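Asks: Okay, handing you the structure first.
The values are calculated or read from the model by the stated rules, or taken from the named source; none is laboratory data. For clarity, every value in this text was computed on a predicted model and none was experimentally measured. Here Cβ is always computed from backbone atoms with ideal geometry, including for glycine, and neighbour counts include all displayed protein chains. Surface areas here come from the heavy atoms of the whole protein model, side chains and all, with no ligands, DNA or RNA. Shrake-Rupley method; radii C 1.70, N 1.55, O 1.52, S 1.80 Å.
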Amino acid sequence: MGFVRVDGKDKKHKVVLYALSTCGWCRRTKELLVEEGVDHEYVDIDLCNGDEKEKLSTKARELNPRGNYPVLQVDDRVIVGYDPDKIREALA
Amino acid sequence: MTAGDDVEKTFAPDVVELFHRLDREAREGGYNLNPDKEFTLRLVEGLVANQKRYGYWQCPCRLAFGEKAKDIDVVCPCYYRDADVVEFGACYCALYVSEEWIAGKVPQRSIPERRPQEFIDRGYSKPSPAEPAGAAPAGGLKLPYPVWRCQVCGYLAARDGPPGVCPVCFAKKDRFERFL
């Protein structure tokens, strides 16, 4: 699988989403980024295999040691979980 | 035809069937599925996908180790559901929610992870069956039967072995621990 690029008009920040394909809050976060027109990339870690899955889950754990998803990186800021207010604030 | 039937049409028959079964079992046990039907059907679709991938209902919102013994505490319904529904109005995935959640009295967003860090890092570690999880009966009371506890909902059964399925929350036999 790997990263999926989603084009958007808003290119103010570097936005990367670490997600699981089966997670409802991850889906809501993806929808929010699209609604807000945010240029970003996301990856569904559960759909990756072997080394790639290991590498990406390690990266997500570095950003969020509690290991929960979604993990959203907006420049140097990390937002864990679907929290629309915090996400919009970080994207402002 | 209701709007609900239209939503169901976009999902595979096995997903819709499991959704109805979980909905019925939830009501029987005093739980509620999330009334946002599309959101809930997507989570059930995740359970079906995880059953195919791992052989068990791995939590759709937590990354699996892929070994049942390590993931057993987060097989759906997970050991953390009841406490999360009480404290936050929803389980970690928001598959199961409280009356307050349904009434819109609590925020509908992600909740903190309750699973202990050691299980997140290394997977679940089962207490040894030789060491019952509960306190020893007072006064050295000798029980005629061992007591088994459902780790999902807390149901207790005093019998030679755990029941095949929990009569309250429908968790399977392997979710029981020796309690006394």
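Asks: Looking only at the stretch B:48-62, count every residue that is assigned to a helix (DSSP H, G or I) and either open to solvent by 10 Å² or more (accessible area, probe 1.4 Å) or more than 9 Å from chain A (Cβ to nearest Cβ) (or both) and tell me the total.
Replies: 6
Asks: Right, here's the next one. Tally the residues that are modelled with pLDDT under 75 and either surrounded by 11 or more Cβ atoms within 10 Å (Cβ to Cβ) or in contact with a strand residue (DSSP E or B) (Cβ under 8 Å, 6 or more places away or on another chain) (or both), restricting the search to the stretch B:108-129.
Replies: 2
Asks: Working only within the stretch A:1-13, note down all residues that are open to solvent by 10 Å² or more (accessible area, probe 1.4 Å) and away from chain B (no Cβ under 14 Å).
Replies: Residues satisfying the conditions are A:3, A:4, A:5, A:6, A:7, A:8, A:9, A:10, A:11, A:12, A:13.
Asks: Would you confirm, using the coordinates I've provided, whether residue B:85 is surrounded by 12 or more Cβ atoms within 10 Å (Cβ to Cβ), farther than 21 Å from residue B:27 by Cβ and at pLDDT 95 or above?
Replies: Considered against the rule, which asks whether it is surrounded by 12 or more Cβ atoms within 10 Å (Cβ to Cβ), farther than 21 Å from residue B:27 by Cβ and at pLDDT 95 or above, residue B:85 comes out as no.
Asks: State all residues of the stretch B:3-35 that are within 24 Å of residue B:153 (Cα to Cα) and open to solvent by 60 Å² or more (accessible area, probe 1.4 Å); if no residue qualifies, say none.
Replies: Those that are within 24 Å of residue B:153 (Cα to Cα) and open to solvent by 60 Å² or more (accessible area, probe 1.4 Å): B:17, B:20, B:21, B:24, B:27, B:28, B:30, B:35.
Asks: Can you give me the number of residues within the stretch B:63-100 that are within 13 Å of chain A (Cβ to nearest Cβ), within 25 Å of residue B:37 (Cβ to Cβ) and outside any loop (DSSP other than H, G, I, E, B)?
Replies: Residues flagged as within 13 Å of chain A (Cβ to nearest Cβ), within 25 Å of residue B:37 (Cβ to Cβ) and outside any loop (DSSP other than H, G, I, E, B) within the stretch B:63-100 amount to 6.
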